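Notes for the one structure printed next.
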Amino acid sequence: MEDLYFNEIIEAVDGWRIGGGKDVRVKGVSIDSRTIQNGDLFFALKGERVDGHHYILPAMKSGAAGAVVSCVENIDEAYEHFPVICVKDTVTALGDLARYYRRKLPAKIIGITGSNGKTTTKEMTYHVLSQFGSVVRSQKSFNNYIGVPLTLFAIENKHHYGVLEMGTNAPGEILRLSEIGAPDVAVILNVSQTHLEGLGDTEGVASAKGEILENLSTEGVFVYNADNLWCVRIADRFPGKKISFGFSPHAQIRCTNAKKEGEGYRLVVNGCLEIDLPVPGYHNISNCLASFAVCHALGHNIYRLKEVFSSFHLPHMRMERQRIGNITLINDAYNANPESVRAALAYLQEMNAKGRRVFICGDMLELGSDTVRFHREIGERVAQTSIDLLWTVGEHAAEIAKAAKLSGMSERRIASFKETTDIPDSEMGEFRENDTVLIKGSRGMHMENIIEKLRKCLQNA
């Protein structure tokens, strides 16, 4: 982070000062008293389980330059010479300071949103932009009111690009994140049935994703998926510069040919650029094209990127392949919604599996009143595939099992469990040599626990 002075921070967050006399220099921002560096400004955030106001003194002792608080009653004599800024809400203040800081940065900012593929595309965009300059990107899936500001604070004047992931489960969130990040390139990867509990329906999802354009810079570029009807509708209403990607003949960055190559694909982009994409999942071709479209939007020659993906790896828990004993396991358990589950099923079906194909699916959360319908649709699709064994985990996922059975899948090939802890070791022992097991489910289901359970069972066998 580039240095900021305490007095300019007070103005940026619309706060007032308590304690401390001089205008100290702030060298960084922290929300965790355990990781404070000398010169950091500590934001006392209130979480569901932890209130940062209880950790102001540890932050001060660790070298913090000051603190931002919202509870004046927690400030006592111990902080008499410690600069403190009081605000109405510390999360809002964190965003306000990030918005102020972003306007001082010369780096081009790329904001990425969509129902699926945000983190993977963020990593791909970081990977390809690194060929053209110094890049900072969101860590893990830092895509909310806290994660986006922290990513911005990691960008300095020496960096050429910042890649932000922006997520939402309620109207107005992307609007606020785009206000903070003010992107030069805004990317909407796709719009599908996600977070319907907060967004209502697919049209509500599209409206929420479209909020990213509200704060696109004047000369900014909108990058969108030409294969997604909702993205096309958003683009049709957008009056500014735009670049499309996809398989559509109307896409400006277009995949004109794709064939399976090992675990990944060999693509032809715009009829002449041949790319080896060494990652599983046909849906990742679209994510790859999006990263190329971002480069094109920034004025770079994408034909320099022929070999760029040779060293790329997917993020953790995204089609993550591992071998446990004599079983191949695909960990795609980071999150799940109807579209991403369909993509996972398509990948499992196209795999060159030597043994049985096993699909373990947990609840898809936050789908609102359509929860049962979406789970049943997945069950019907499973029954139409070459899946040999279906396990479901969770109350909603049980509807997948019921629908698969009603659609003709043999009951002997189906098992349902309430939680991952309910899966008995004896069931784990039923896996056979060369089975391929794909695990999918919403983050709240902690489906990755099945992997450790399987590992222990095999070790004890």
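Might you let me know whether segment 52-61 holds any residue that is of a type in the set (Lys, Arg), touching a Cys at 6+ places or on another chain (Cβ under 9 Å) and not in a loop (DSSP other than H, G, I, E, B)?
Within segment 52-61, not a single residue is of a type in the set (Lys, Arg), touching a Cys at 6+ places or on another chain (Cβ under 9 Å) and not in a loop (DSSP other than H, G, I, E, B).
Just to verify a result, which residue in segment 131-142, among those that are among the hydrophobic types (A, V, I, L, M, F, W, C) and modelled with pLDDT of 95 or more, is surrounded by the fewest Cβ atoms within 10 Å (Cβ to Cβ)? It would help to see each step written out before you state the result.
Start the filter on segment 131-142 by keeping residues that are among the hydrophobic types (A, V, I, L, M, F, W, C), which leaves 132, 135-136, 142.
Next cut, modelled with pLDDT of 95 or more only: 132, 135-136.
Values: Phe132: 16, Val135: 21, Val136: 21.
Checking each candidate, the answer is Phe132.
Only one residue in Tyr145, Tyr126, Tyr79, Tyr100 is more than 27 Å from His54 (Cβ to Cβ), of a type in the set (Phe, Trp, Tyr) and either at pLDDT below 95 or in contact with a Leu (Cβ under 9 Å, 6 or more places away or on another chain) (or both). Which one?
Numbers: Tyr145 fails: more than 27 Å from His54 (Cβ to Cβ); Tyr126 fails: either at pLDDT below 95 or in contact with a Leu (Cβ under 9 Å, 6 or more places away or on another chain) (or both); Tyr79 fails: more than 27 Å from His54 (Cβ to Cβ).
So the residue among Tyr145, Tyr126, Tyr79, Tyr100 that is more than 27 Å from His54 (Cβ to Cβ), of a type in the set (Phe, Trp, Tyr) and either at pLDDT below 95 or in contact with a Leu (Cβ under 9 Å, 6 or more places away or on another chain) (or both) is Tyr100.
Of everything in segment 168-195 that's surrounded by 22 or more Cβ atoms within 10 Å (Cβ to Cβ) and at pLDDT below 95, which residue is nearest to Tyr145 (Cα to Cα)?
Among those that are surrounded by 22 or more Cβ atoms within 10 Å (Cβ to Cβ) and at pLDDT below 95, it is Thr168.
Which is surrounded by fewer than 18 Cβ atoms within 10 Å (Cβ to Cβ) and among the hydrophobic types (A, V, I, L, M, F, W, C), of Ile18, Ile36? Before you say what the answer is, go through the steps one by one.
Values: Ile36 fails: surrounded by fewer than 18 Cβ atoms within 10 Å (Cβ to Cβ).
After ruling out the rest, the residue left standing is Ile18.
Considering only residues that are in a strand (DSSP E or B) and touching a residue at least 24 places away in the same chain (Cβ under 8 Å), look in segment 41-51 and name the one that is surrounded by the most Cβ atoms within 10 Å (Cβ to Cβ). Spell out how you get there, then give the answer.
Here is the first cut: in segment 41-51, the ones in a strand (DSSP E or B) are 41-43, 46, 51.
Narrowing further to those that are touching a residue at least 24 places away in the same chain (Cβ under 8 Å): 41-43, 46.
Numbers: Leu41: 26, Phe42: 28, Phe43: 26, Lys46: 14.
Across segment 41-51, the extreme among qualifying residues is Phe42.
So is Glu203 more than 21 Å from Glu339 (Cα to Cα) and either at pLDDT below 95 or charged (D, E, K, R) (or both) or not?
On the way: more than 21 Å from Glu339 (Cα to Cα): no; either at pLDDT below 95 or charged (D, E, K, R) (or both): yes.
For Glu203, the condition - more than 21 Å from Glu339 (Cα to Cα) and either at pLDDT below 95 or charged (D, E, K, R) (or both) - is not met.
Of the residues that make up segment 394-411, is at least one touching an Asp or Glu at 6+ places or on another chain (Cβ under 8 Å), at pLDDT below 95 and either open to solvent by less than 30 Å² (accessible area, probe 1.4 Å) or more than 26 Å from Asn337 (Cα to Cα) (or both)?
No, segment 394-411 has no match at all.
Against the condition under 20 Å from the mean Cα position of the chain (by Cα), among the aliphatic types (A, V, I, L, M), within 29 Å of Phe312 (Cβ to Cβ) and assigned to a helix (DSSP H, G or I), how does Val128 come out, does it pass? Walk me through how you get there before you give the answer.
Values: under 20 Å from the mean Cα position of the chain (by Cα): yes; among the aliphatic types (A, V, I, L, M): yes; within 29 Å of Phe312 (Cβ to Cβ): yes; assigned to a helix (DSSP H, G or I): yes.
So Val128 passes the test.
Does segment 145-154 contain at least one residue that is touching a Gly at 6+ places or on another chain (Cβ under 8 Å), in a helix (DSSP H, G or I) and open to solvent by 30 Å² or more (accessible area, probe 1.4 Å)?
No, every residue in segment 145-154 fails to be touching a Gly at 6+ places or on another chain (Cβ under 8 Å), in a helix (DSSP H, G or I) and open to solvent by 30 Å² or more (accessible area, probe 1.4 Å).
I'm trying to understand the selection: among the residues of segment 373-386, which are open to solvent by less than 60 Å² (accessible area, probe 1.4 Å) and at pLDDT 95 or above? Even if it seems obvious, please write down each step before you answer.
Quick first cut of segment 373-386, residues open to solvent by less than 60 Å² (accessible area, probe 1.4 Å) only: 374-375, 378-379, 382-383, 385-386.
Those that are open to solvent by less than 60 Å² (accessible area, probe 1.4 Å) and at pLDDT 95 or above: Phe374, His375, Ile378, Gly379, Val382, Ala383.
Among the residues of segment 155-187, write down those that are in a loop (DSSP other than H, G, I, E, B), among the hydrophobic types (A, V, I, L, M, F, W, C) and touching a residue at least 40 places away in the same chain (Cβ under 8 Å). Step through it out loud before you land on a result.
Taking segment 155-187 first, the residues in a loop (DSSP other than H, G, I, E, B) are 155-160, 166-172, 182-184.
From the residues that got through so far, the ones that are among the hydrophobic types (A, V, I, L, M, F, W, C) too are 155, 166, 170, 182.
Within segment 155-187, Ile155, Met166, Ala182 qualify.
The values are calculated or read from the model by the stated rules, or taken from the named source; none is laboratory data. Remember, predicted model here, so these are calculated numbers, not experimental data. Ideal geometry is used to build each Cβ from the backbone, glycine not excepted, and the neighbour counts take in all protein chains shown. Only protein heavy atoms, including side chains, enter the accessible area calculation; ligands, DNA and RNA are left aside. Shrake-Rupley method; radii C 1.70, N 1.55, O 1.52, S 1.80 Å.
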